[in-house]
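Here is the structure we will look at.
We did not get these values from a lab; they are worked out from the coordinates using the rules stated. Treat the numbers as computed from the prediction; the structure is a model and nothing was measured. Because the Cβ atoms are built from the backbone with ideal geometry, glycine has one as well, and the counts that use them run over all protein chains shown.
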Amino acid sequence: MSDYLELVKRRESCRNFDPNRPVEKEKLERCAEAAWLAPSACNGQPWRYLIVTNPELAEKLRPLMMELKMNKFVQNCPAFAVVLEESTVLKVSLSQKFKDQDFAPIDVAFSASQFCYEATEQGLSTCIIGWHNERKIKELFNLPKGTRVRLILAVGYAATDKLRNKIRKPIKDVIQYYE
C-alpha cells in the first residue's frame, strides 16, 4: 500500500509540460473516477468534468486561460479537465439549517483535489487553474446558464522529473492542537 503523505509531497503545480507526450485515456479515466468518488454535502455531487484531449478543441481553450498574459505554460499542455459546478438540491430540512453556507464550491474543490492526486499516482503532472475567461469557455462548450466553470486542470507529463522544494508557512503557524 502506498503512503498517502508521500503522494501529497510529490504532487506539485506543473508549469513545464512535455508537449510531445500525450496523456493516455486510461490514466485520465482513473483520474476522473477518483474525482467522481469525492465526498460531497448530502451526496449532492455538484461537479461535472469536461476532459479535453482533442488538439483542435485544446487549441481553442488555451487562449481562454492566457488572457492578461497569464498561464502561458498551458501552450505545452496536452490535456485539460474543465471542472464545472452545477446546481444541486440539498434536502430541504438540512439546507435551511445551513442556508448561509454554500457547500458546492467546497465539494468541487474536494473532487478536483482527488483528480490531481490520482494524476500524480499515475505519473502525470497537473496545475489547477483558476484564472480563465468563464464566459467564453461557457460559449465554447455551449454550457447552460446555471453552470459555473470553477477550475481548469492542466494535465500532462512534466518536461522534467525534478520536484521543486515546497515552500510553506511553518506548520506551527497553521496547525493548533487543543488537548
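General remarks:
- Label reach from Q75 (point 7 Å along Cα→C-beta): in the range 136-179, amide nitrogens under 19 Å belong to 154-160.
- Pairs of Lys in the range 29-179 closer than 21 Å at Cα, counting only those 8 or more apart or on different chains: 12
- Shape metrics for the range 1-154, restricted to C-alpha atoms - Rg then Dmax, Å: 16.1, 52
- In this simple spin-label approximation, L68 and D173 carry label points 7 Å from Cα along the Cα→Cβ vector, and these lie 2.6 nm apart.
- Computing FRET efficiency as 1/(1 + (r/R0)^6) for K166 and C42, where r is the C-beta to C-beta distance and R0 is 45 Å, gives about 0.85.
- When the alpha carbon gyration tensor of the range 117-174 is reduced to an equivalent ellipsoid, the three semi-axes, largest first, read 30, 18, 10 Å.
- Inter-probe distance in nm under a simple model that places probes 7 Å from Cα toward Cβ, at N16 and D3: 2.6 nm
- Only DSSP H runs of four or more residues enter the estimate; each adds -39500 (n - 2.57), and after division by the residues of the chain the mean residue ellipticity at 222 nm equals -9500 deg cm²/dmol.
- All aspartates and glutamates inside 19 Å of K25 as judged from Cα atoms, apart from same-chain residues fewer than 8 positions distant: E33, E56, E59, E118, E121
- Extending 7 Å from Cα along the Cβ direction at I106 and again at L57 yields two label points whose distance is 3.2 nm.
- When exposed loop sites are taken as trypsin sites (Lys or Arg not before Pro) in a DSSP loop with at most 13 other Cβ atoms within 10 Å, the longest stretch of the chain clear of them is 1-90.
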